[in-house]
Amino acid sequence: MTRIAQLSDIHFGSEDADAIARCEAYIKAQAPDLLVICGDLTQRGRRREFDAAAEWLSGFDMPKLIVPGNHDTPMFDLASRALDPFARFKRHFADCQHEVRMDGIVAVGLNTARGWQVRRNWAEGSVNLEELDEAIMRAGEQKADVKLLACHHPFRSLPHAPLRVRTRRGRRACDKVAASHIQMVLTGHVHTPSVVLRQRANGAYLAVSSGTLSTRLRAEPPSFNMIRVEKGQFDISRCDLIDGQVTETGMGRFDAHFEHMS
């Protein structure tokens, strides 16, 4: 069995200390093969927030794929946001940002966050299609039973999520991933656990969104996801952190051809 823990939107600076502690204990007990962090490790992109995130993540003894989110740029340093918005992120996580290859798994990262944009909401996502093509190519070159892409922003809005997204070039990104060998796209941003089968004319993939481990809740409790892959089946669960307990609830089970089994 291949096990993947998916976290997002930890927001050090506005973190939920109890949720983080219980999440850590649960993940260490489960001992997954891979830890994927889908952005927004910090709240304001401050150095001390990155230091706290790096210290916490260093306690997990497993391969990690870590991508930045829109909150991982220096909120109050406009010059840095314009010139090198992810310098602080790269200082801590450059080695974990692009790709993880291991027995049976290939995981590639894509940065959908921007330091600034010429539109009203700079926090919205944007897909560089050339970078996506490169990530898809790297994944396709590997022999692995599990191939996934991690980024911060969902390409399309999720059903029932209170935060709608307007990710630039998201529709074309959906088409490219559906036609590729990638089976799952892991995201965050909306603070809502979700699994959506994205079916396109040229293929399909699973869009898997994780909740938050911060105090910045949006109608859902703090949570993270556990993904288990065995014999061509994908079993995806949300792990809610309520009243000092971790409650794991299945969100969907799919076979390798993306038929919904339960």
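The values are calculated or read from the model by the stated rules, or taken from the named source; none is laboratory data. Remember, predicted model here, so these are calculated numbers, not experimental data. Cβ atoms come from the backbone with ideal geometry, glycine included; neighbour counts cover every protein chain shown. Note: accessible area is taken over every heavy atom of the protein model, side chains too, but ligands, DNA and RNA are not part of it. Shrake-Rupley method; radii C 1.70, N 1.55, O 1.52, S 1.80 Å.
Structure values in brief
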{"item": "Relative contact order (percent, whole number), segment 2-255, Cα cutoff 8 Å, 6+ residue spacing", "result": "20 percent"}
{"item": "Accessible surface, the chain, averaged per residue in Å² (probe 1.4 Å)", "result": "44 Å²"}
{"item": "Protein accessible area in segment 2-255, 1.4 Å probe - carbon and sulfur %", "result": "45 percent"}
{"item": "Longest DSSP-loop-exposure-free segment, trypsin sites (Lys or Arg not before Pro), the chain, at most 14 other Cβ within 10 Å", "result": "1-118"}
{"item": "Helical mean residue ellipticity (222 nm; -39500 (n - 2.57) per DSSP H run of 4+; nearest 500) of the chain", "result": "-6500 deg cm²/dmol"}
{"item": "Fraction of antiparallel bridges per DSSP, segment 2-255 only, in percent to nearest 5", "result": "60 percent"}
{"item": "Added length on full extension, which subtracts the Cα-Cα distance from 0.36 nm per residue, M1 to A256", "result": "90.4 nm"}
{"item": "With all protein chains modelled, accessible area of T215 [1.4 Å, Å²]", "result": "90 Å²"}
{"item": "In order through segment 205-222: 3J(HN,Hα) via Karplus (6.51 cos²θ - 1.76 cosθ + 1.60), integer Hz, x for Gly, Pro", "result": "7, 9, 9, 10, 10, 9, x, 10, 10, 10, 8, 8, 8, 10, 6, 10, x, x"}
{"item": "Exposure of C96 as accessible area (Å², to 10), given a probe of 1.4 Å and all protein chains", "result": "30 Å²"}
